[in-house]
Amino acid sequence: MTVLKEPDFGTPARDGEPTVAIEVDGRQVSVPEGTSVMRAAALAGVDVPKLCATDSMEAFGSCRLCLVEIDGRKGTPASCTTPVADGMVVHTQTPKVDKLRQNVMELYMSDHPLDCLTDGAQGDCEMHDLADRVGLVHVRYGQEGANHLHESPDLTNPYFNFDPAKCIVCSRCVRACDEIQGTFALTIEGRGFDSKVSPGGTTFMDSECVSCGACVQACPTDALQERSVVDLGMPNRSVVTTCAYCGVGCSFKAELKGDELVRMVPLKDGGANEGHSCVKGRFAYGYATHSDRQLRPMVRDKITDPWREVEWEEAITTVATRMLEIQKQYGAGAIGAISSSRCTNEEVFVVQKMVRAAFGNNNIDTCARVCHSPTGYGLKQTFGESAGTQDFRSVAQADVIVVIGANPTEAHPVFGSRMKQRLREGAELIVVDPRRIDLVRSPHIEAAHHLQLNPGTNVAVVNAMAHVVVTEGLVDEAFVSSRCEGFDEWAEFIARPENSPEAVAALTGVPADELRAAARLYARAGNGAIYYGLGVTEHSQGSTMVMGMANLAMATGNLGRDGVGVNPLRGQNNVQGSCDMGSFPHELPGYRHVSDDAVRSVFENLWGRTLLSEPGLRIPNMFDAAIDGSFRGLFVHGEDIAQSDPNLQHVSAALGAMDLVVVQDLFLNETAKFAHVFLPGASFLEKDGTFTNAERRINRVRAVMPPKSGKHEWTIVCEIATAMGYPMHYDHPSQIMDEIAATTPTFTGVSFDRIDQVGSIQWPCDEAAPEGTPIMHVDSFTRGQGKFVPTPFVPTDERSTRRFPLILTTGRILSQYNVGAQTRRTANVAWHPEDVLEIHPHDAEDRGVVDGDLIEIASRVGKTTLHAQISNRVPPGVVYTTFHHPVTGANVVTTENSDWATNCPEYKVTAVQVTRTHAPVEEREEPIAEQPASEQLVG
């Protein structure tokens with residue numbers, strides 16, 4: 001049996017798995033069939049020397065250091081590629097093996113700086129330890145002929161260096177780039193003594209390298225080395241924590257030298273990332289110590305006044321006093337708060353508690369309103385739970401993967417790499433997106449179908465796919481009859497001629513035969529999985545589309561097991577958690593409606609306050625009420641709504657109309673321009689709590705250092721509530737989680753101690769599932785029966801016109817994150833210094849636009865300028881941009897259109913006109929300058 005990837009050299013057999021018995025150095029061990037000798041030795045407690053073998057890549061067998069002798073066999077095979085056999089007797093240390101290893105190691109050292117033998121390495125070089133282990137004292141061969149020891153280092157990447165003089169061409173970096181990341185940016189050039197590692201014949205910065213750090217992690221020498229290690233030296237202690245960027249929720253070891261953060265190393269047993277990382281999580285943490293951090297509270301009477309730094313007591317008293325004054329003058333409902341999906345569960349929980357118990361209303365909303373609120377609504381209606389169905393590992397069992405309105409390699413790169421691994425193994429891919437994302441065609445991957453639909457026609461496409469399933473007899477009748485309700489009504493609706501691929505082809509722009517073929521491929525898959533992003537939710541029919549995808553999955557039986565499901569890819573690190581914690585105005589923690597008397601009584605008895613049974617104001621309602629004069633005070637916790645929300649003129653007018661705007665954040669952002677009180681926040685390196693990622697995985701966030709402002713964010717919120725007359729106090733954030741567990745059924749088994757024991761927990765975690773729930777809806781749905789819901793297509797009001805003939809859609813790019821407040825304050829600006837507008841060559845030619853031109857993009861609500869990028873990624877009639885830079889202000893042009901059920905803004909469909917501008921360019925904000933590596937780090 002061929003040995004393939006073995007993710008852990010020390011993994012024992014699972015229950016019921018066939019095993020064989022072997023002997024290693026006199027030790028008996030039973031291991032699964034097909035196990036490598038190296039892995040069997042590890043299980044027997046024997047560590048075989050190795051160089052090319054790692055615990056995250058396929059066996060390679062090239063270094064010849066892991067040679068062993070096996071009784072009854074000739075030669076000395078490589079233990080990493082040799083499978084075990086029953087009764088095998090293995091010897092890992094014999095005179096013959098020892099001599100061969102010394103000779104092999106001597107050859108490696110002849111091609112490597114010899115000071116490694118005497119002085120050791122400055123970083124993570126394994127060569128010194130290996131040489132010492134195999135007994136190599138000196139090297140007999142001269143290095144005069146070594147071809148690369150004179151070569152200059154490649155210092156172009158802002159985060160790591162490549163020194164070819166130290167490279168032994170072991171191929172570990174190349175294999176990591178291929179097998180783990182899937183970018184194939186590195187190669188071995190030349191043959192024999194002329195062979196060398198190359199980033200595609202150019203520099204690392206100019207290559208296809210995405211700076212994920214997999215090659216640096218894999219390198220056994222100092223050839224690839226973090227600049228921070230070069231500057232600061234090797235770390236001597238570590239703290240395990242969780243990344244604060246996207247919804248993948250990668251686990252890292254924050255490695256320090258004393259109190260100085262040296263580097264972030266992805267955790268091999270991290271539940272979400274399993275040792276992988278992206279450029280943001282691994283390297284882009286310098287914002288935490290950037291000079292732009294505001295570390296002192298500030299107040300001012302009017303937004304035209306200068307800021308005045310104050311002590312914490314004055315700032316908190318000011319907030320509490322002015323909030324109470326507004327309530328007294330305008331009523332209890334005149335104040336509210338917006339919480340952040342970047343903050344911990346514990347911080348978010350106390351914010352909504354402050355609003356309900358201290359403010360005395362339900363005017364609490366979250367930034368999830370503007371991204372994934374349709375996910376919560378749509379999945380709650382159909383499945384009974386407002387969350388995705390699978391864990392990330394599940395994708396490894398998918399036969400057909402449908403990616404709808406998502407760009408995993410840019411926005412969720414670690415999961416994107418995991419998905420690419422499965423696609424290279426043979427799974428087929430369907431991409432539904434107006435834009436040609438990288439997954440459509442990338443190294444060793446080509447989508448079976450790219451349904452390049454017109455923006456705003458998602459529901460028509462998913463209905464047409466379902467039409468094919470129903471009318472061509474592809475329904476999983478057994479699943480539907482035993483697990484679902486409402487099928488007959490839905491099937492009658494979906495089988496109507498107006499839902500056929502032929503009927504919607506002109507509307508969607510997707511050829512009928514292509515759509516039919518994609519539907520058949522998904523329906524006939526052994527395991528079909530749907531992954532989706534903001535290209536689904538940020539539409540006027542976002543909630544309808546979520547229910548449409550749920551209908552399609554139920555009709556084909558693609559739920560309740562590995563390799564299937566309906567899976568939202570959450571944009572921010574704690575979008576799932578912020579929703580779980582009761583941050584919507586109509587729901588208490590655990591997605592239970594505020595009108596439920598029994599649920600309210602749980603919180604009323606614990607909190608000692610009567611809670612309102614009527615939902616509060618959503619974010620857009622707050623803005624409208626502010627302009628009307630009835631909403632006067634807002635606490636904004638970790639969000640830059642003046643950059644991230646749609647129709648920024650409307651947002652600015654609302655903020656400017658309020659008597660009190662309180663901003664708690666790391667930096668003086670766009671929203672702070674309208675603030676009367678600024679409260680400094682804490683970076684993730686200063687937080688203690690939990691994040692919940694897109695797969696419902698609750699991960700611990702552990703503080704690497706105390707809060708630079710002197711206060712934890714949850715403490716600040718509690719002190720404001722107390723100053724307003726409602727005492728709130730906790731000694732530690734673990735007590736907040738205990739309160740969450742005591743009041744929220746899906747969290748009853750969750751605690752800091754439990755997470756510390758097992759690493760992470762996926763909710764629901766309760767008596768029925770004390771270990772958590774990786775896969776939802778296995779035997780039944782949360783609501784009992786899955787519910788089919790008819791999903792009629794209603795065209796958006798936002799359509800192209802003669803005045804605005806193009807449709808703008810938006811998205812993200814790998815190197816930047818959200819509104820860029822964090823990533824723009826790191827060296828990531830080297831890859832994306834400004835937002836640009838992608839425009840099809842035909843549309844550009846019509847307007848006289850050439851690549852790099854400054855152009856104006858205008859909609860019916862606003863206009864902005866940015867540079868053009870001629871691109872075939874977008875079809876004619878569609879333009880695309882990112883929204884990471886405030887100078888561009890992409891949301892100046894997005895409109896007030898929103899999802900019918902949740903008010904999630906329709907960011908993805910805005911009618912615009914693009915014109916080449918000859919006007920003088922106004923002074924534009926320069927990219928925030930990179931700090932030297934040593935200054936980016938915590939100290």
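Only the coordinates and a few stated rules stand behind these numbers; no lab work does. Predicted model, so just to flag it, every value in this text is computed and none were measured. Here the Cβ positions follow ideal geometry from the backbone for every residue, glycine too, while neighbour counts run over all protein chains shown.
Pop out the ³J(HN,Hα) list for the stretch 249-254 in order, Karplus 6.51 cos²θ - 1.76 cosθ + 1.60 with θ = phi - 60°, rounded to Hz; leave Gly and Pro as x.
x, 6, 8, 9, 9, 7
Go through the stretch 809-817 residue by residue and turn each phi into a ³J(HN,Hα) via Karplus (6.51, -1.76, 1.60, θ = phi - 60°); whole Hz please, and just put x for glycine and proline.
10, 10, x, 10, 10, 3, 7, 10, 9
Mind listing the long-range amide H neighbours of GLY270? Cut-off is under 5 Å, sequence gap 5 or more, other chains count too, H placed in the peptide plane at 1.01 Å from N.
Under 5 Å from the amide H of GLY270 lie the amide H atoms of GLY275, each far enough along the sequence or on another chain.
Compute the relative contact order of the chain as a whole-number percentage, counting only Cα pairs closer than 8 Å that sit 6 or more residues apart in sequence.
The normalised contact order for the chain reaches 13 percent.
Which FRET efficiency, nearest 0.05, do HIS867 and GLN649 yield, Cβ-Cβ r, R0 25 Å? If you can, show how the numbers build up before the last one.
Numbers: r = 23 Å, r/R0 = 0.92.
Here the calculated transfer efficiency is 0.60.
Please report the spacing between the Cα centers of the stretch 376-431 and the stretch 182-241 in Å, no decimals.
Taking the Cα centre of each part, the stretch 376-431 and the stretch 182-241 sit 29 Å apart.
Find which of GLN329, VAL299, GLY281 sits farthest along the positive direction of the dipole of the stretch 281-360, computed with +1 on the beta-carbon of Lys and Arg, -1 on that of Asp and Glu, about the Cα centre.
GLY281
Rounded to the nearest 0.05, what FRET efficiency is calculated for LEU107 and THR202 with R0 set to 25 Å and r the Cβ-Cβ distance? Display every interim value, and only then the final one.
Values: r = 30 Å, r/R0 = 1.18.
Result of the calculation: an efficiency of 0.25.
Can you give the angle from 0 to 90° between the axis of helix 619-628 and the longest principal axis of the chain, with both taken from C-alpha atoms, to the nearest 10?
30 degrees
Holding the Cα-Cα limit at 27 Å, pick out from LYS328/LYS687; LYS280/LYS908; LYS280/LYS420 the pairs that are longer than that. Before the final figure, lay out each step's value.
Numbers: LYS328/LYS687 35 Å; LYS280/LYS908 25 Å; LYS280/LYS420 19 Å.
Where the Cα-Cα span goes over 27 Å, the pairs concerned are LYS328/LYS687.
Using label points projected 7 Å from each Cα along Cα→Cβ, tell me how many nm separate ASP194 and THR915, to one decimal.
That separation, rounded to one decimal, is 5.9 nm.
What Kirkwood hydrodynamic radius do you get for the chain when you take the inverse of the mean 1/r over all pairs of distinct Cα atoms, in Å?
Numbers: mean 1/r = 0.0339 Å⁻¹.
Hydrodynamic radius (Kirkwood, Cα pairs) of the chain is 29.5 Å.
Compute the distance in nm between two label points, each set 7 Å from the Cα along the Cα-to-Cβ direction, one at GLU845 and one at ARG524.
Taking the simple label geometry, GLU845 and ARG524 are separated by 3.9 nm.
Which of LEU186, ALA165, ALA214 sits closest to the plus end of the dipole of the stretch 138-289, meaning its Cα is farthest towards the positive end, when Lys and Arg get +1 and Asp and Glu get -1 on the C-beta?
ALA214
Work out how much length ASP488 to ASP797 would gain on full extension: take 0.36 nm times their residue separation and subtract the Cα-Cα distance, in nm to one decimal. If you can, show how the numbers build up before the last one.
Details: separation 309, 0.36 × 309 = 111.24 nm, distance 3.08 nm.
Stretched fully, the ASP488-ASP797 segment lengthens by 108.2 nm.
How far, in nm, would the chain grow between ARG73 and LEU295 when pulled straight, counting 0.36 nm per residue and subtracting the alpha carbon separation?
Working it through step by step, the gained length comes to 73.1 nm.
What's the exposure ranking of MET728, MET419, MET127, going from fewest to most Cβ atoms within 10 Å? Display every interim value, and only then the final one.
Working: MET728 20, MET419 26, MET127 23.
So the ranking, lowest neighbour count to highest, is MET728, MET127, MET419.
Please report TYR141, TYR730 as a ranked list, fewest other C-beta atoms within 10 angstrom at the top and most at the bottom. Spell out each step's value before the answer.
Working: TYR141 12, TYR730 17.
Placing the least packed residue first, the sequence is TYR141, TYR730.
Compute the acute angle (0 to 90°) between the alpha-carbon long axis of helix 373-382 and the principal axis of greatest extent of the alpha-carbon atoms of the chain; round to the nearest 10°.
Helix 373-382 and the main axis of the chain meet at about 90 degrees.
With the calculation restricted to Cα positions, what are the radius of gyration and Dmax of the stretch 757-847 in angstrom?
Rg, Dmax (Cα atoms, Å): 23.2, 64.
Karplus couplings for the stretch 783-794 from phi (6.51 cos²θ - 1.76 cosθ + 1.60, θ = phi - 60°), rounded to Hz, Gly and Pro as x?
Each residue of the stretch 783-794 in turn: 7, x, 9, x, 10, 6, 10, x, 10, x, 7, 10 Hz.
Towards the positive end of the charge dipole of the stretch 19-119, with charges on Cβ (+1 Lys, Arg; -1 Asp, Glu), say which of TYR108, ILE70, CYS52 has the farthest Cα.
ILE70
I need HIS586, HIS539, HIS138 ordered by Cβ neighbour count within 10 Å, fewest first. Numbers along the way, then the final one.
Details: HIS586 17, HIS539 30, HIS138 10.
By the 10 Å Cβ count, ascending, the order reads HIS138, HIS586, HIS539.
Skipping prolines and chain starts, which residues have an amide H placed within reach, meaning under 5 Å, of the one on GLN869, given they are 5 or more residues away or on another chain?
LEU837, GLU838, ILE839, GLY852
Put a dot 7 Å past each Cα toward the Cβ at TYR141 and THR610; how far apart are the dots in nm?
8.7 nm
Only four residue types carry charge here, +1 at the Cβ of Lys and Arg and -1 at the Cβ of Asp and Glu. Report the dipole size of the chain about the Cα centre in Debye, rounded to the nearest 20.
On the way: 82 positive and 121 negative charges, 64 e Å.
Magnitude of the dipole: close to 300 debye.
At what distance in angstrom do the alpha carbon centres of the stretch 579-643 and the stretch 671-717 lie from each other?
Computed from Cα coordinates, the inter-centre distance equals 20 Å.
Using 0.36 nm per residue of separation minus the Cα-Cα distance, give me the extension gain between ASP259 and THR321 in nm, one decimal. Walk me through the numbers on the way to the answer.
On the way: separation 62, 0.36 × 62 = 22.32 nm, distance 3.86 nm.
Value of the extension gain: 18.5 nm.
To the nearest 20 debye, what is the magnitude of the charge dipole of the stretch 806-916 about its Cα centre, counting +1 on the Cβ of each Lys and Arg and -1 on the Cβ of each Asp and Glu? Walk me through the intermediate numbers first.
Working: 9 positive and 12 negative charges, 62 e Å.
Using only the charged Cβ atoms, the result is roughly 300 debye.
Between GLU311 and ARG393, take the C-beta separation as r, use R0 = 60 Å, and let me know the FRET efficiency to the nearest 0.05.
Values: r = 49 Å, r/R0 = 0.82.
The formula returns an efficiency of 0.75 here.
So what is the relative contact order for the stretch 373-568, in percent, with contacts set as C-alpha pairs under 8 Å and at least six apart?
On the way: 363 pairs, mean separation 67.1, N = 196.
Rounded, it is 34 percent for the stretch 373-568.
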